[in-house]
Structure formats: structure tokens, C-alpha cells
Amino acid sequence: EHDIFCDGRILKVTANLSLLLTRLRTPDSSQLLWIDAICINQNDLGERSQRVSHMGKIYKNAEVMLMWLGDRRTYTGHAVP
């Protein structure tokens, strides 16, 4: 786990998510992101089910959608459109 600072508090995230945020972050701007692992309590089945039912609307209204497969590896390097 890695610690990140988000909305005034510290959150624990996976190493892979921490790497993504490091890659996306720019020191001179802010970004609004929907990250399933943060926005949905993965340990609460009721909340997870409720949020998943809204995913179509969330993605439909997104300006940009990014699917992070992890750092570039042999098997992910060709996954770019």
C-alpha cells in the first residue's frame, strides 16, 4: 500500500494506482478523477452494487476515459489505440 493525500485526508492505495497518479499528476494544475478503487468502497457489497448501477451514466458523461493496465510491459505496450 501507498499513502496519497486526497481531499484533505490520507488514503491508502495500491502501488499500481499510486504509479498511475504519479504519471497523471502535473504540479501546475488540478484534475477531477473518478477512480473506482477510491470512489467505491470495495469492501461494502451494498455500496459497490449501488455505484456500479451508475457506472454507465458516469462513463457516458466523462470527457475523457482512461483505462490503466499498469506500467508498460511486453503484454501491455500494444494496448494503445
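Residues being open to solvent by 60 Å² or more (accessible area, probe 1.4 Å), assigned to a loop (DSSP other than H, G, I, E, B) and farther than 23 Å from Thr14 by Cα: count how many of those fall in the range 52-68. Quick ask: steps written out before the conclusion?
Quick first cut of the range 52-68, residues open to solvent by 60 Å² or more (accessible area, probe 1.4 Å) only: 52-54, 57, 59-61, 63-68.
Add one more test, that the residue is assigned to a loop (DSSP other than H, G, I, E, B), and what stays is 53-54, 61, 63-68.
When the remaining residues are screened for being farther than 23 Å from Thr14 by Cα, the result is 53-54, 61, 63.
Of the residues in that region, 4 qualify.
The condition of being at pLDDT 85 or above and exposed (fewer than 10 other Cβ atoms within 10 Å of the Cβ) holds for only one of Ile10, Ile4, that being Ile10.
Which residues, taken from the range 24-51, are closer than 28 Å to Arg73 by Cβ, of a type outside the set (Asp, Glu) and surrounded by 10 or more Cβ atoms within 10 Å (Cβ to Cβ)? Step through it out loud before you land on a result.
To start, the set of residues in the range 24-51 that are closer than 28 Å to Arg73 by Cβ comprises 24-27, 31, 33-40, 42.
After this cut, where a residue has to be of a type outside the set (Asp, Glu) as well, the list is 24-27, 31, 33-35, 37-40, 42.
Within the range 24-51, Leu24, Arg25, Leu33, Trp34, Ile35, Ala37, Ile38, Cys39, Ile40, Gln42 meet the criteria.
Scanning the range 1-49 for residues that are under 20 Å from Met65 (Cα atoms), among the small types (Gly, Ala, Ser) and not in a helix (DSSP H, G or I) yields Ser29, Ser30. If I go through the range 37-48 residue by residue, how many of them are acidic (Asp, Glu) and either under 14 Å from Cys6 (Cβ atoms) or in contact with a Gly (Cβ under 8 Å, 6 or more places away or on another chain) (or both)? Number satisfying all stated conditions: 0. Taking the conditions (1) charged (D, E, K, R); (2) outside any loop (DSSP other than H, G, I, E, B); (3) open to solvent by less than 60 Å² (accessible area, probe 1.4 Å) in turn, Asp71 satisfies each one other than (2).
The values are calculated or read from the model by the stated rules, or taken from the named source; none is laboratory data. Because the structure is a prediction, the values reported are computed rather than measured. Because the Cβ atoms are built from the backbone with ideal geometry, glycine has one as well, and the counts that use them run over all protein chains shown. Protein only, heavy atoms only, side chains kept; ligands, DNA and RNA dropped before computing areas. Shrake-Rupley method; radii C 1.70, N 1.55, O 1.52, S 1.80 Å.
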